[in-house]
Amino acid sequence: MRRDVFQAMADPVRREIIELLADEILTVSEVADHFEISRPAISKQLKILEECGLIHMEQKGRARYCRIQPKELIPAFLWIDKYRNLWEEKIDSFEAYIIQLQSKNQEL
């Protein structure tokens, strides 16, 4: 079964793995060292990321190296960017509301 990038990004552990691999290529053991969950659990998360095409795993000797495939994140980025203006407007509106409340509290 081929999963998609949105399924991969739905899990906080997988998002953190992606962040780690954005900085450097790591072995499965090195990735696992960053978490307090079992190595088999990390291997499962890595498998899902690989199925989504977000990482590539390469066997070199006894170690399996994980490398991010950043171009596969483009669909998620484009979808999120599409809604960025909407969220910025909502945040700006909320900020204006907070400032207005603070002004009223200072007048009292």
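When Ala32, Ala63 are checked against the criterion of being touching a residue at least 24 places away in the same chain (Cβ under 8 Å), surrounded by 10 or more Cβ atoms within 10 Å (Cβ to Cβ) and of a type in the set (A, V, I, L, M, F, W, C), a single residue qualifies: Ala63.
In the range 12-27, of all residues being more than 8 Å from the chain's Cα centre (by Cα) and of a type in the set (D, E, K, R), the one that is surrounded by the most Cβ atoms within 10 Å (Cβ to Cβ) corresponds to Glu24. Of all the numbered requirements in (1) surrounded by 15 or more Cβ atoms within 10 Å (Cβ to Cβ); (2) closer than 18 Å to Phe77 by Cα; (3) free of Cβ contacts under 8 Å to residues at least 60 places away in the same chain, Val5 misses one, and that requirement is (3).
Name the single residue that is nearest to Leu21 (Cα to Cα) among those in the range 72-99 being more than 18 Å from the chain's Cα centre (by Cα) and among the hydrophobic types (A, V, I, L, M, F, W, C). Across the range 72-99, the extreme among qualifying residues is Trp87. Within the range 60-105, the set of residues being within 30 Å of Glu30 (Cβ to Cβ), at pLDDT below 85 and either among the charged types (D, E, K, R) or in contact with a Phe, Trp or Tyr (Cβ under 7 Å, 6 or more places away or on another chain) (or both) comprises Glu72, Ala76.
The combined condition, being outside any strand (DSSP E or B) and modelled with pLDDT of 85 or more, is fulfilled by Ala22.
Can you confirm whether Ile37 is among the aliphatic types (A, V, I, L, M), under 18 Å from the mean Cα position of the chain (by Cα) and modelled with pLDDT of 90 or more? Write out each step before concluding.
Details: among the aliphatic types (A, V, I, L, M): yes; under 18 Å from the mean Cα position of the chain (by Cα): yes; modelled with pLDDT of 90 or more: yes.
It is true that Ile37 is among the aliphatic types (A, V, I, L, M), under 18 Å from the mean Cα position of the chain (by Cα) and modelled with pLDDT of 90 or more.
Taking (1) touching a helix residue (DSSP H, G or I) at 6+ places or on another chain (Cβ under 6 Å); (2) over 18 Å from Asp4 (Cα atoms); (3) in a strand (DSSP E or B) in turn, Tyr65 satisfies each apart from (1).
The values are calculated or read from the model by the stated rules, or taken from the named source; none is laboratory data. Everything quoted here is computed from the prediction, not taken from an experiment. As a convention, Cβ positions derive from the backbone with ideal geometry for all residues, glycine included, and neighbour counts pool all protein chains shown.
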